[in-house]
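The values are calculated or read from the model by the stated rules, or taken from the named source; none is laboratory data. Only a predicted model underlies this, so the values are computations on that prediction, with no experimental measurement involved. Here the Cβ positions follow ideal geometry from the backbone for every residue, glycine too, while neighbour counts run over all protein chains shown. The protein model used for the area step is the full one, side chains on, heavy atoms only, and it has no ligands, DNA or RNA in it. Shrake-Rupley method; radii C 1.70, N 1.55, O 1.52, S 1.80 Å.
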Amino acid sequence: PLGLCWALGAAAAAAAAPNILLLLMDDMGWGDLGAFGEPSRETPNLDQMAAEGMLFLDFYTANPLCSPSRAALLTGRLPVRNGFYTTNAHARNAYTPQDVVGGIPDSELLLPELLKKAGYVNKIIGKWHLGHRPQFHPLRHGFDEWFGSPNCHFGPYDNKEHPNIPLYRDWEMIGRYYEDFKIDLKTGEANLTQIYLQEALDFITKQQDSEQPFFLYWAIDATHAPVYASKQFLGTSQRGLYGDAVREIDDSIGKILRHLEQLGISENTFVFFTSDNGAALISAPTQGGSNGPFLCGKETTFEGGMREPAIAWWPGHIPAGGVTHQLGNVMDLFSTSLSLAGLQPPGDRQIDGLDLSPVLLQGKLIDRPIFYYRGNELMAVRAGPYKAHYWTWSNSWEEYGKGIDFCPGQSVPGVTTHTQEEHTHLPLLFHLGRDPGEKFPLSFASEEYQRAVERISGIVQQHRDTLVPGQPQLNVCDKAVMNWSPPGCQKLGKCLKAPESDPQKCSWPH
């Protein structure tokens, strides 16, 4: 019968589909790994992962901030398409503190929702960051399990007007940062990375026993200020507390990869390591990482804000010791994961991510541009080795005057501007091969400039002609949202009681 054939075909596809493990770091910079040249070489496990897999030297995020880049990874779409941007003040960045009322729209199709069609069981461990009102819960958007938080580990707060940020196991809130999950801001001690590690090991073991393919999204945040590490790693790095956090993450990833090998499933598990944006130089030197030779850091569209460390690992499939200059993007993880699972990307919307499997498995190169967005503004575009800046801006004079600096010690006149400078008619052009630090703009009069800008201008025009922006999710802040009661819920002191028709409707507190 046709139904039986389809069922057998689906089962065979599920059996052939590899497990997918995405390791997403938080504010970790391109220069933080020994494999990328960090002098202290304190990441032996990640360096070994690179030696056994493929190193991406030109891999980018879709936005220089945590929240939009995560939305881009899980949807395969630029934040300006999926709604994770703001139009508040030209070229402002966007993020989700507790009082932002937006989140991932129901109209977006997330990677775990699509992987379910191939029989995957999906878990997120760590930071969600795509909205914290009930309709944005990760278990409403394709994940089967969650251990982590809707937001970063900011705090502590007063727990009256501003409650401490909660952590969840699936639908249930199991505690809050600084209360049930301690973070010592004086010493930097916290056991969270060890907890996240054990969650990963247990999930992998359970899925191996069930013989179902899994998607594990390990989105930990120890390298986001306030930086933390567990007791056995404190004081062990030449790089201070930030280095302690990196060493613990490196050790944890080593344990995860060895666990895959011990279970005999490493050759059936595609693993990709990267970061959500560049190192937060505003938190340097004690709480921030390194962006290597690149200009500025998190929150900017210079290379330091958006070029990320990236390693692909899949023994028996990805040749060991590979190094590629393929221009990659976190959005590609969406398309590549679907391809490996035997699925097609949705055909009813623009998908910005590419399927990188020909790069990974056959060493091919795919010609494609990189778009650097800040808020709703296209700030820069890279094509080949050339990068054209249509706008430059680090941060405002007002913020700079208060000591907020996204480019400490890296001022480049006319480039790292504190006013929003438009270069639409004469873009600032850099050759990133010769000048990775974006210090020497090419002469407007040169033939090289004319050729490169002409090519990039065509790419920009085509992009703008087909761009349909999503509804901006991050424009509206409402401090009352922390005590907001969803429609139909009864407020009972500090607890929210859900209507019987939907017991999960009020399950996450505000």
Checked region 40-198 with the C-alpha gyration tensor, a ≥ b ≥ c its square-rooted eigenvalues, rounded below a/c of 1.5, otherwise prolate if a/b is larger than b/c and oblate if not; verdict rounded
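Working from the pairwise distances between different alpha carbons, so that the mean of 1/r is found and then inverted, what is the chain's Kirkwood radius in Å? Show your work: numbers first, answer last.
Working: mean 1/r = 0.0429 Å⁻¹.
For the chain, inverting the mean 1/r across all distinct Cα pairs yields 23.3 Å.
Using +1 on the beta carbon of Lys and Arg, -1 on that of Asp and Glu, and nothing else charged, what's the dipole of the chain about the Cα centre, debye to 20?
Values: 41 positive and 57 negative charges, 114 e Å.
It works out to roughly 540 debye.
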Table column - 3J(HN,Hα) (Hz), region 435-448, Karplus curve with 6.51, -1.76, 1.60, x for Gly and Pro
9, x, x, 6, 9, 10, x, 5, 5, 4, 7, 6, 5, 4
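Between beta-carbons, use under 9 Å as the cut-off and find the net charge around ALA279, counting Lys and Arg +1, Asp and Glu -1.
Computed value for this residue: -1.
Give me the net charge for the shell around ARG70: Cβ to Cβ below 14 angstrom, other residues only, Lys and Arg +1, Asp and Glu -1. Present the calculation step by step, with values, prior to reporting the outcome.
Working: positive: ARG77, LYS127, LYS298; negative: ASP26, ASP27, GLU108, ASP221, ASP276, GLU308.
Counting the neighbours of ARG70, the net charge comes to -3.
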Counting only residues 5 or more places away or on other chains, whose amide H sits under 5 Å from the amide H of LEU474 once H atoms are built in the peptide plane?
TYR85
Mean Cα-pair separation over length for the chain, i.e. relative contact order, pairs under 8 Å, 6 or more apart, %
24
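Mind running the shape call on region 148-193? Use the C-alpha gyration tensor, a ≥ b ≥ c as the square roots of the eigenvalues: rounded below 1.5 for a/c, prolate if a/b tops b/c, oblate otherwise. Walk me through the numbers before you get to the answer.
Numbers: a/c = 2.16, a/b = 1.18, b/c = 1.83.
Oblate is the answer for region 148-193, as a/c is 1.5 or above yet b/c matches or exceeds a/b.
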In square angstrom, what is the accessible area per residue of the chain with a 1.4 angstrom probe?
39
Need one word for region 157-249: rounded, prolate or oblate. Basis is the Cα gyration tensor (sqrt eigenvalues a ≥ b ≥ c); a/c below 1.5 gives rounded, then a/b vs b/c decides.
oblate
I'd like the carbon and sulfur percentage of the solvent accessible area for the chain, probe radius 1.4 Å, heavy atoms only, ligands and nucleic acids excluded.
54
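Report the local net charge at LYS231: Lys and Arg +1, Asp and Glu -1, summed over other residues whose C-beta lies under 11 Å from its C-beta. Don't jump to the answer; show the numbers that get you there.
Working: positive: none; negative: ASP184, GLU189, ASP244, GLU248.
Summing Lys/Arg as +1 and Asp/Glu as -1 gives -4.
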Return the aspartates and glutamates within reach of LYS116: Cα separation strictly under 16 angstrom, same-chain partners fewer than 8 residues apart disregarded; answer none if there are no such residues.
GLU108, ASP144, GLU145, GLU211
Phi angles of region 353-366, converted by Karplus (6.51 cos²θ - 1.76 cosθ + 1.60, θ = phi - 60°) into ³J(HN,Hα) in whole Hz with x for Gly and Pro, give x, 9, 7, 8, 4, x, 5, 5, 9, 10, x, 6, 10, 10
